[in-house]
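Asks: One structure is given below, represented as structure tokens, and several questions about it will come after.
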Amino acid sequence: MTAVPPPVPRTLPTRPVDLAVVGAGIVGLAHAVDAVERGLRIAVVERDARAVGASIRNFGHLCTTPQTGTLLDYAMTAREKWLRLSEMAGFDIVRAGTLVVARSTAEMGVLEEFAAERGREQVRLLDRSGVEKSFPAAHSGSEIVGGAHLPLDLRVDPRAAVPALTNWLAAHGVDFFWNTHAGAIAPGVVHTARGDLPATAVVHASGHDVDRLFPALAEEYEVRRCKLHMLEVDPPGDIRIDPAVLTGYSMLRYGGLAATAAATEVRREITDRAPETLDVVMNLMFTQRPDGAIALGDTHHYDRTHLPFDEESVTDLVLREGARLFGADRLTVRRRWRGIYADSPETDFLVATPAPGVRVVSVTSGIGMTTALGLAPTVLDDLMG
């Protein structure tokens, strides 16, 4: 399923690299990609044997269009980079866009407002028959009344794309030090379990683990860990769905949709019908894997440190709402997992300077796959002068 990570060099470099990156998730890799394009000498330090965090536990949905402001700017830049990298690094990218289904007049109202604001290049309204062409569950007996297609959005399988991108970077001279814990960072050096890594500049990109080395920064930005309940289920009736699929729950989560006047009525409808889904901050959505499995989710739970116990009742909610979306009696689970990412009520992007030549970078809004490749150039522009 995934490529083999590149081998670890025998020793750390003795002369300073231009850039040391701590963390081999998508945020760290994005900085390495930009540094390669600048012709820099780069080393990446990763505590695990491969990327196993948020970068491979997600839907693989590059959710460009529903973003706003700076998030949209970064997402649009990242979109073009994803397209180029898919060709250069040899991983598949799906250009089927996003299908947002509406199951009430209010939800359709959100999409109509959004389409009026963004125009047909970004948002194409669909009636129920139009939705059914991409999502067979939208038949005449379903709740679906219409929807919208967001053609600019992309989709990858993160379990394949992230390793492929890692191997591409290694082929372009980036040294990866796997199974290597970074215990401290100071100007000009990363202190690791393998010894000191000298570096002119350092980017710390360890996602939700900002507090491991920089607890004061984590406290300042109120960084917490967002825990997700996610599932892979069998596709009902072996259906194929090319685009990512969002629902009314997504209209409450993504800035471009949530800013519409009709979103208030959508929240009221969900509150009246199923308030328990809002209690777990559900964002009902899915993508389909290359092998046909449906990646379905998700819910959001916030804390600095989570207890290790998952409530099965939360998973039951996701399965219940997923079955309702598909018009199925039940869904069969193939596997389940806990997603986790950094969240901050203070900012969507944490970029801080704890010491000269050092940047702490974390996407604290759950859209690292969507935005990291757009964020990284702005960080390195500042860091490298």
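Asks: For region 146-176, what are the residues that are touching an Asp or Glu at 6+ places or on another chain (Cβ under 8 Å), over 18 Å from G97 (Cβ atoms) and of a type outside the set (G, A, S)?
Replies: Hit for region 146-176 is F176, nothing else.
Asks: For G28, indicate whether it is in a helix (DSSP H, G or I), in the same structural domain as D298 (by the TED database) and modelled with pLDDT of 95 or more. Give the derivation first.
Replies: Numbers: in a helix (DSSP H, G or I): yes; in the same structural domain as D298 (by the TED database): no; modelled with pLDDT of 95 or more: yes.
Here the answer is no, as G28 does not meet what is asked.
Asks: Right, here's the next one. State all residues of region 137-184 that are farther than 27 Å from D92 by Cα, of a type in the set (A, V, I, L, M) and open to solvent by 30 Å² or more (accessible area, probe 1.4 Å); if no residue qualifies, say none. Please lay out each step first, then the result.
Replies: Quick first cut of region 137-184, residues farther than 27 Å from D92 by Cα only: 138-146, 179-184.
Still in the running and of a type in the set (A, V, I, L, M): 138, 144-145, 182, 184.
Answer for region 137-184, where residues must be farther than 27 Å from D92 by Cα, of a type in the set (A, V, I, L, M) and open to solvent by 30 Å² or more (accessible area, probe 1.4 Å): V145, A184.
Asks: Take the residues in region 41-78 that are in a helix (DSSP H, G or I) and touching a strand residue (DSSP E or B) at 6+ places or on another chain (Cβ under 6 Å), then tell me which one is least open to solvent (accessible area, probe 1.4 Å). Explain how you work it out, then say what you get.
Replies: So the first thing to find is which residues in region 41-78 are in a helix (DSSP H, G or I), and the list is 54-57, 69-78.
Those still in the list that are touching a strand residue (DSSP E or B) at 6+ places or on another chain (Cβ under 6 Å) too: 54, 57.
Values: A54: 42, R57: 75 Å².
Within region 41-78, the match that is least open to solvent (accessible area, probe 1.4 Å) is A54.
Asks: Being more than 20 Å from I144 (Cα to Cα) and of a type in the set (S, T, Y) is true for just one of T315, T287. Which residue is that? First the steps, then the outcome.
Replies: On the way: T287 fails: more than 20 Å from I144 (Cα to Cα).
On inspection, the qualifying residue turns out to be T315.
Asks: For region 281-298, indicate whether the set of residues that are buried (at least 17 other Cβ atoms within 10 Å of the Cβ), more than 19 Å from V245 (Cβ to Cβ) and more than 15 Å from the chain's Cα centre (by Cα) is non-empty.
Replies: no
Asks: A further question follows. Considering region 248-276 alone, what residues qualify as being open to solvent by 70 Å² or more (accessible area, probe 1.4 Å) and under 23 Å from D157 (Cβ atoms)?
Replies: Residue satisfying the conditions is R253 alone.
Asks: Would you please name the residue that is least open to solvent (accessible area, probe 1.4 Å), looking only at residues in region 369-384 that are of a type in the set (S, T, Y) and more than 17 Å from G23 (Cβ to Cβ)?
Replies: Ranking the candidates gives T370 first.
Asks: Looking only at residues that are under 26 Å from the mean Cα position of the chain (by Cα) and not hydrophobic (A, V, I, L, M, F, W, C) in region 94-106, which one is surrounded by the most Cβ atoms within 10 Å (Cβ to Cβ)? Break it down stepwise before answering.
Replies: In the first step, residues of region 94-106 are kept if they are under 26 Å from the mean Cα position of the chain (by Cα); the result is 94-103.
After this cut, where a residue has to be not hydrophobic (A, V, I, L, M, F, W, C) as well, the list is 95, 97-98, 103.
Details: R95: 13, G97: 22, T98: 27, R103: 20.
That would be T98.
Asks: Okay, next question. Taking only pairs six or more apart or across chains, which ones have beta-carbon atoms under 7 Å, a first residue in region 60-76 that is under 14 Å from L150 (Cα atoms), and a second residue that is part of a loop (DSSP other than H, G, I, E, B) and among the aromatic types (F, W, Y)?
Replies: Note: pairs meeting the criteria are C63/Y254; P66/Y254; Q67/Y254.
Asks: Tell me whether region 191-205 contains one or more residues that are at pLDDT 95 or above, over 24 Å from G385 (Cα atoms), over 24 Å from the mean Cα position of the chain (by Cα) and polar (S, T, N, Q).
Replies: The answer is yes, given that some residue of region 191-205 is at pLDDT 95 or above, over 24 Å from G385 (Cα atoms), over 24 Å from the mean Cα position of the chain (by Cα) and polar (S, T, N, Q).
Asks: Find the strands (runs of 3 or more DSSP E) located wholly in region 159-251 whose residues include 1 or more that are of a type in the set (S, T, Y), and list them. Show your work before the answer.
Replies: Details: elements: 175-177, 182-186, 189-192, 195-204, 224-233, 244-246.
Hits in region 159-251: 189-192, 195-204.
Asks: May I ask you to list the residues in region 107-131 that are touching a helix residue (DSSP H, G or I) at 6+ places or on another chain (Cβ under 9 Å) and open to solvent by less than 10 Å² (accessible area, probe 1.4 Å)? Give the derivation first.
Replies: Start the filter on region 107-131 by keeping residues that are touching a helix residue (DSSP H, G or I) at 6+ places or on another chain (Cβ under 9 Å), which leaves 107, 109-111, 113-114, 117-118, 122-126.
The answer is V110, L111, F114, V123.
Asks: Would you be able to say whether some residue in region 282-294 is farther than 30 Å from V210 by Cα and without any contact (Cβ under 8 Å) to a residue 24 or more places away in the chain?
Replies: At the first step, the residues of region 282-294 found to be farther than 30 Å from V210 by Cα are 288-294.
Adding the requirement that they be without any contact (Cβ under 8 Å) to a residue 24 or more places away in the chain leaves 291.
Yes.
Asks: Consider region 252-262. How many of its residues are part of a helix (DSSP H, G or I) and of a type in the set (G, A, S)? Quick ask: steps written out before the conclusion?
Replies: Step one: list which residues in region 252-262 are part of a helix (DSSP H, G or I), which gives 252, 255-258.
From what is left, the residues that are of a type in the set (G, A, S) are 255-256, 258.
Counting residues in region 252-262 that are part of a helix (DSSP H, G or I) and of a type in the set (G, A, S) gives 3.
Asks: Out of the residues in region 93-138 that are of a type in the set (V, I, T) and not in a strand (DSSP E or B), which is nearest to T370 (Cα to Cα)?
Replies: Selected residue: I93.
Asks: Same structure again: For E312, are the conditions met, namely being open to solvent by 10 Å² or more (accessible area, probe 1.4 Å), touching a residue at least 40 places away in the same chain (Cβ under 8 Å), outside the structural domain of I56 (by the TED database) and more than 21 Å from the chain's Cα centre (by Cα)?
Replies: Numbers: open to solvent by 10 Å² or more (accessible area, probe 1.4 Å): yes; touching a residue at least 40 places away in the same chain (Cβ under 8 Å): no; outside the structural domain of I56 (by the TED database): yes; more than 21 Å from the chain's Cα centre (by Cα): yes.
In short, no.
Asks: For residues that are open to solvent by 10 Å² or more (accessible area, probe 1.4 Å) and either within 16 Å of the chain's Cα centre (by Cα) or not aliphatic (A, V, I, L, M) (or both), tally how many sit in region 210-247.
Replies: 20
The values are calculated or read from the model by the stated rules, or taken from the named source; none is laboratory data. In this text, all values refer to a predicted model and were calculated from it rather than measured experimentally. Every residue, glycine among them, receives a Cβ derived from its backbone with ideal geometry; neighbour counts consider all protein chains shown. The protein model used for the area step is the full one, side chains on, heavy atoms only, and it has no ligands, DNA or RNA in it. Shrake-Rupley method; radii C 1.70, N 1.55, O 1.52, S 1.80 Å.
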